[in-house]
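Read the structure below first, then the notes.
Please treat every number below as a calculation from the coordinates, not as lab data. Just so we're clear, the structure is a prediction, and the values are computed from it rather than from any experiment. In this analysis, Cβ positions are derived from the backbone assuming ideal geometry, glycine residues included, and neighbour counts consider all displayed protein chains.
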Amino acid sequence: MKIQETPIKDCYIIHPTVFEDERGYFYEKFNEKTFEVLSGMNGHFVQDNISKSTYGVLRGLHLQKGKHAQAKLVSCLEGKVFDVAVDLRQDSLTFGKWYGIELSGENKLQFYVPRGFGHGFSVLSETAVFAYKCDNYYNKESEGGVLWNDQDLNIDWKLPEGDILLSQKDQVLPALWEKDY
C-alpha cells in the first residue's frame, strides 16, 4: 500500500499493491495498522456502505455534521466515477477548496475523505458500484451538504450538465456561502 497526499490537507489517495497473474488479481483493500502508520490518521471504520448507480448520476455533496461527522474511505468496485471532496472546515486554510479524482474498478484507487468535508461523485460509466467505509455511524438528523453546482466551488463533474441525474434532496442543498451545511 502506498499513500499519496493531495493538495488538500488530510485527504489521501491510497494505492493498493495488486498481485496479478493469468487467473486474475488479489489485493489487500484495507489494513488499519498500515493506514495509520502511513497517514497518521485514525483508520478505525464502523460502517460499510455500497451504492450502485447508472451513468450520469451525481450523488453529493454530502456530509454528516457535529458529533456524527464521518471520515470516509471510498472506492469504485465496478465502473468509473469522478469523486470529489470539498473542505468545509471553517478554520481550515483550504476551506472551500475541492479535489477530485477518477476512481474505477480498473485502477483500484481509494480516496480518504476526512471529517468536515463534503463528498460526492458522478458516474462516468454505464453503471458503477461504489463503496464507502465510514468511521462513524450514519445519523439522519446530522445530514448536511452543499449544492453540487455551487458557483463558488465551480466543480467540473466530467459530465455534460444535461446528462446529470440528481435526487430531490441534492437539488436543494445550500450554497457554500450560506454556511448551513
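Details
- More than 20 Å apart - percent of Cα-Cα pairs taken over the range 16-89: 50 percent
- Estimated translational D of the range 48-91 in µm²/s (Stokes, Kirkwood radius over Cα pairs; 20 °C; 1.002 mPa s): 168 µm²/s
- Rh (Kirkwood; distinct C-alpha pairs) - the chain, Å: 16.7 Å
- Among LEU166, LEU124, LEU63, residue whose mean-square fluctuation peaks in a GNM of the chain (springs only between Cα atoms under 10 Å): LEU166
- Cβ-based net charge around PHE19, under 14 Å, with every Lys or Arg adding one and every Asp or Glu removing one: -1
- Here's the list of lysines a cross-link from LYS179 could span, going by alpha-carbon distance under 27 Å and ignoring same-chain residues fewer than 8 apart: LYS9, LYS65, LYS67, LYS72, LYS97, LYS133, LYS140, LYS158, LYS169.
- Helical runs assigned H by DSSP (4 residues or longer) give the chain a calculated mean residue ellipticity at 222 nm of -1500 deg cm²/dmol, each run adding -39500 (n - 2.57) before division by the residue total.
- Close amide H partners of GLN70, meaning residues 5 or more places away or on another chain with modelled amide H under 5 Å apart, are GLN64, GLY116.
- Where only C-alpha atoms are counted, convex hull volume of the range 57-130 per residue in Å³: 78 Å³
- Label point distance in nm, GLU36-SER142, each placed 7 Å from Cα along Cα→Cβ: 2.0 nm
- Of the GluC sites (Glu not before Pro) found in the range 73-181, those that fall in a DSSP loop while having at most 15 other beta-carbon atoms within 10 Å are GLU106, GLU126.
- Note on the range 118-161: Kirkwood hydrodynamic radius from all Cα pairs is 13.2 Å, rounded to one decimal.
- For MET1 and GLN168, a Förster radius of 45 Å and the Cβ-Cβ distance give a FRET efficiency of 0.70, rounded to the nearest 0.05.
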